[in-house]
Amino acid sequence: MEVVVLIGLQASGKTSFYQQRFAATHLHLSKDLWKHNRQFKQQKQLREALEKGQSVVIDNTNPTVQDRAGILQQARNAGASTTGYYFQSKLETCLERNRKRERVVPEVGVRATSSKLQLPSLQEGFDRLFYVQLQAGTFIVSPWEKP
């Protein structure tokens, strides 16, 4: 059982990465799926999935250590392994991709996420960490190295 935490700006490729890599094996949990009580609903669904022994992907921006802490704690409490994928991207590239999306995130929201984005670390409780880059429509995944 695994909890995967995707970390990165809006329009950095997180949901597409989930669809390519995990859709067949992991439950998709994203606050974007609900209009109200999003944090509560995600925590509840994560808890229920872990109780069933189901692997999940948390597909949010998860920009800060604090944003990730509750997810990692729930995973540890359930005995799940934890993997983080940090989506390396430039703000301007994400803003351009965002403009082309069906559901556009307001630019101020993308910029706000960028301003508080903190690199993840193994000290947070991840068992594994990876960098992800989107190059010409292909995801390049590299092992985490301390920046």
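The values are calculated or read from the model by the stated rules, or taken from the named source; none is laboratory data. Fair warning: this is a prediction, and the values are worked out from it, not measured in the lab. Cβ atoms come from the backbone with ideal geometry, glycine included; neighbour counts cover every protein chain shown. Only protein heavy atoms, including side chains, enter the accessible area calculation; ligands, DNA and RNA are left aside. Shrake-Rupley method; radii C 1.70, N 1.55, O 1.52, S 1.80 Å.
Just a few scattered comments:
- Arg128 being open to solvent by 60 Å² or more (accessible area, probe 1.4 Å), at pLDDT 95 or above and either within 15 Å of the chain's Cα centre (by Cα) or more than 22 Å from Gln39 (Cα to Cα) (or both): yes
- Subset of region 131-140 that is surrounded by 14 or more Cβ atoms within 10 Å (Cβ to Cβ) and not aromatic (Phe, Trp, Tyr) - its residue that is nearest to Tyr85 (Cα to Cα): Val132
- Considering residues of region 48-69 that are of a type in the set (Val, Ile, Thr) and not in a helix (DSSP H, G or I) only, the residue surrounded by the fewest Cβ atoms within 10 Å (Cβ to Cβ): Thr64
- Unmet criterion (only one of (1) within 14 Å of Leu9 (Cα to Cα); (2) touching a helix residue (DSSP H, G or I) at 6+ places or on another chain (Cβ under 8 Å); (3) at pLDDT 95 or above) for Asn98: (3)
- Residues of region 84-109 classified as closer than 19 Å to Glu124 by Cβ and surrounded by fewer than 19 Cβ atoms within 10 Å (Cβ to Cβ), total: 1
- Which listed residue is assigned to a helix (DSSP H, G or I) and in contact with a Gly (Cβ under 8 Å, 6 or more places away or on another chain), from Leu95, Leu72: Leu72
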